[in-house]
Amino acid sequence: MDERILSDGAVVLTRPRAGDIDAIVTHCQDPAIAEWVTIPVPYGRADAEFYLAEMVAGGWAGGSPVWAVRRSGDGPLIGSIGLHDRGFGGAEIGFWLAAGERGGGLMSRAVGLVCAFGFAEFELTRIGWLAYVGNRASAAVVRRNGFRFEGTQRLGAVQRGVRRDCWLGGRLATDPPGPADGWPSDT
């Protein structure tokens, strides 16, 4: 698929590029990213190069786009967000944001842009979300974007060879984009 840049003026989503490798490596040293995202630990330059060559290039080629999160089109990479094809009108969203950028609403804006893109351009019926139990920041982001809580899957995901419980959520094309009710208080 052709590369697509998404922006709402406050956040710009572009395809990650070779010049982002150092930023990716630096951000992926953050223990909070390693705790919640399935990345190699320790994370090195070869991992970032693999990410660009396989995950990003392969994603764009295969209908699973991955974007760099930036404050401006030529600004540094401060996060990543992807829409991973799950077939039959479904996709799964995944994301991370640099430590110094969290809490300001940028990722909520990025998720909104990616969801709008997925529903309009891919004609998705559903966008799913999965996070390890305890990732309240991720839950808050998707909850603000109309995702409904769908439950806890016991030992439902694997991270670095260890099974972990995970929270599940989803947003249908027919769901409104604003904040969703019905989330448990511990999320």
Going fewest to most other Cβ atoms within 10 Å around each Cβ, Trp36, Trp67, Trp96 line up as Trp36, Trp96, Trp67
Ala120 versus Phe50, label points 7 Å from Cα toward the beta carbon: distance in nm? 3.6
Between Ala98 and residues 5 or more places away or on another chain, which pairs have amide H atoms under 5 Å apart, with H built 1.01 Å from N, and which residues are they? Gly79
From the helices alone, meaning DSSP H stretches of at least four residues, give me the mean residue ellipticity at 222 nm for the chain, per-run term -39500 (n - 2.57), in deg cm²/dmol to the nearest 500. -7000 deg cm²/dmol
Give me the base-10 log of I(q)/I(0) for the chain at each q in 0.11, 0.13 Å⁻¹, Debye formula, one uniform scatterer per Cα, rounded to two decimals. -0.45, -0.64
Rounded to the nearest 20 debye, dipole of the chain from Cβ charges on Lys, Arg, Asp, Glu: 400
For a Förster distance of 25 Å, can you work out the FRET efficiency between the beta-carbons of Ala61 and Asp165, rounded to the nearest 0.05? 0.15
Residue farthest toward the positive end of the dipole of segment 6-172, with Cβ of Lys/Arg at +1 and Asp/Glu at -1: which of Gly87, Asn145, Gly59? Asn145
Can you report the principal axis dimensions of segment 34-114 using only the alpha carbons, biggest first, rounded to whole angstrom? 36, 31, 28
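Readers should treat all values here as calculations from the given coordinates under stated rules, not as data from a laboratory. This one's a predicted model, so the numbers in the text were calculated from it and none came from an experiment. Here the Cβ is made from the backbone with ideal geometry for all residues, glycine too, and neighbour counts use every protein chain on show.
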